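What follows is a set of notes on a single structure, which appears directly below.
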Amino acid sequence: MDRSYLEWPFFTKEHVDFARRLDAFSRDRLNDIGSDHDDSDAGLDRTCQEIARRLGAAGFLSACVVEAAGGAFDLRRLCLGREILASHHGLADFVFSMQGLGTGPISLFGTEEQRKRYLPAVVRGENIAAFALSEPNAGSDVASMTTKAVRDGTHYVLNGTKTWISNGGIAAHYVVFASTGEAPGAKGLSAFIVDADTPGLKIAERVRVIAPHPLATLKFEDCRVPLSTLVGKPGDGFKVAMGTLDVFRTTVGAAALGFARRALDEALDRVVQRDVFGKKLSTFQLTQAKLADMGVGVDAAALLVYRAAWTRDTAKRRITREASMAKLYATETAQTVIDMAVQLFGGMGVVSGQAVETLYREIRALRLYEGTSEIQRLVIARKLLES
Ligand SMILES: Cc1cc2nc3c(=O)[nH]c(=O)nc-3n(C[C@H](O)[C@H](O)[C@H](O)COP(=O)(O)OP(=O)(O)OC[C@H]3O[C@@H](n4cnc5c(N)ncnc54)[C@H](O)[C@@H]3O)c2cc1C
């Protein structure tokens, strides 16, 4: 696979070493898991736990947690991690990303005590993390959430429903956002760390999606958590959620880039082998036009993703506009690139288990989660108008 982008000036020697080690690890230590793993809920859970253990034992999960990463997120490393894992194994990318997103609020806004208690087991891959923001009637419009947390002496009592929660059912803890009512809407939300075995928290149902991973609806019924579980101050919840998404949104673009790169690679292999009308498919100009468009899309997406990551790492400022541009462009482009790869494969492209067929299913959710493409466009336009 083309890794020549590692020569770009965005990366240091450490980034290149990290990328090469992860590439080799993915080939040697993930290939026996394959994409034909057992897709039952229990099978998916076991596979994700095993991937987390392997990534943890090899030291790669330290990229997902601030302290283990040396005190600050290295966004280029996180993006390289997602891109490379996604190009080999969608579920491995999912596991890696959720160890980061599910602990992001603790890494960025948690107390020293919270970090010590929750982060080391996640870095080792022994505990799985989750981020519970969305609700059945509050996805894009986060501030309209109805899950409530009411103060009762030394505790808060949570009631409500969260849905689309990745790792729901296997997480050891959930960072849960709830309305605490300090002010109307976004200013009245708070974030809590809720251990999976807390009485009153239950998995209401598992949700099946076209590229299956552990996903669930959670119910909170008089779920009591101590004040020490608050992440940040009461009323900081929106800031905690958006500050975390600001970092991780760019990594969604990176994962899309990994999927797109794999699709281009698969397509290149196919067109030089496939004979049509007495010639290789690669010799037809219509094929070459497709390949050219795919290649330009991949490189342009990579430039936006690593521009955003480099800016955050070096300028040490928020990258709301750059992150939204990277996510929007990379996810939409990857969808197109993968569709072109399926087209180049002909009927083989839609056969279950073919790499391009798997990619076709895997890419779709990335245009939805962590802010849909429409929400990214709104953010970009707002930033442009502000400037
Ligand atoms: C596979 C998967 C995993 C997920 N994992 C998690 C997780 O771990 N934790 C978590 O908290 N959430 C998770 N989510 C939820 C995800 O973040 C939401 O699905 C997403 O934010 C969209 O919310 P919604 O589904 O309620 O859609 P809606 O908000 O109802 O949006 C529906 C449509 O309306 C559009 N729309 C909304 N507002 C506007 C507007 N102002 N102008 C124009 N169009 C608009 C949207 O772009 C979309 O096309 C996950 C979702 C999926 C699919």
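We did not get these values from a lab; they are worked out from the coordinates using the rules stated. Every value quoted in this text rests on a predicted model; they were computed, and no experiment measured them. Don't worry about glycine lacking a Cβ; one is built from the backbone with ideal geometry, like all the others, and counts go over all protein chains shown.
Ranked from largest, the principal axis spans of the Cα set of segment 200-346 equal 72, 42, 16 Å. Between segment 262-305 and segment 321-378, the C-alpha centres lie 16 angstrom from each other.
Per-residue packing, averaged as other Cβ atoms within 10 Å, sorts the ranges 95-103, 198-206 into the order 95-103, 198-206, beginning with the highest.
Hydrodynamic estimate: the Kirkwood radius of segment 88-152 over Cα pairs, inserted into Stokes-Einstein at 20 °C and 1.002 mPa s, corresponds to D of 156 µm²/s. Coupling constants for segment 7-12 follow from the phi torsions by the Karplus curve (6.51 cos²θ - 1.76 cosθ + 1.60, θ = phi - 60°), and in residue order they are 7, 5, x, 5, 10, 9 Hz; glycine and proline get x. For segment 371-387, backbone phi angles converted through the Karplus equation (6.51, -1.76, 1.60; θ = phi - 60°) give residue-by-residue couplings of x, 5, 4, 5, 5, 4, 5, 4, 5, 4, 5, 4, 5, 5, 5, 4, 7 Hz, Gly and Pro being listed as x. Size descriptors for segment 21-87 (Cα atoms only): Rg and Dmax, in that order, 13.0, 38 Å.
Over all projection directions, the Cα-based convex hull of the chain averages an area of 19.1 nm². Each semi-axis of the equivalent ellipsoid for segment 159-233 is √(5λ) with λ an eigenvalue of the Cα gyration tensor; in descending order they amount to 23, 14, 11 Å.
Averaging the inverse of every distinct alpha carbon separation and then flipping it gives the Kirkwood radius. What is it for segment 83-192, in angstrom units? Answer for segment 83-192: a Kirkwood hydrodynamic radius of 15.1 Å.
According to the calculation over all Cα-Cα pairs in segment 196-254, the P(r) per 10 Å bin from zero is 17, 27, 44, 11 %. Expressed per residue, the C-alpha convex hull volume of segment 280-371 stands at 102 Å³. Have a look at the DSSP beta bridges in the chain and tell me what percent are antiparallel, nearest 5. The antiparallel proportion sits near 85 percent. Using square roots of five times the C-alpha gyration tensor eigenvalues, list the equivalent-ellipsoid semi-axes of segment 144-275 in whole Å, biggest first. Calculated on Cα positions only, the semi-axes equal 38, 18, 11 Å.
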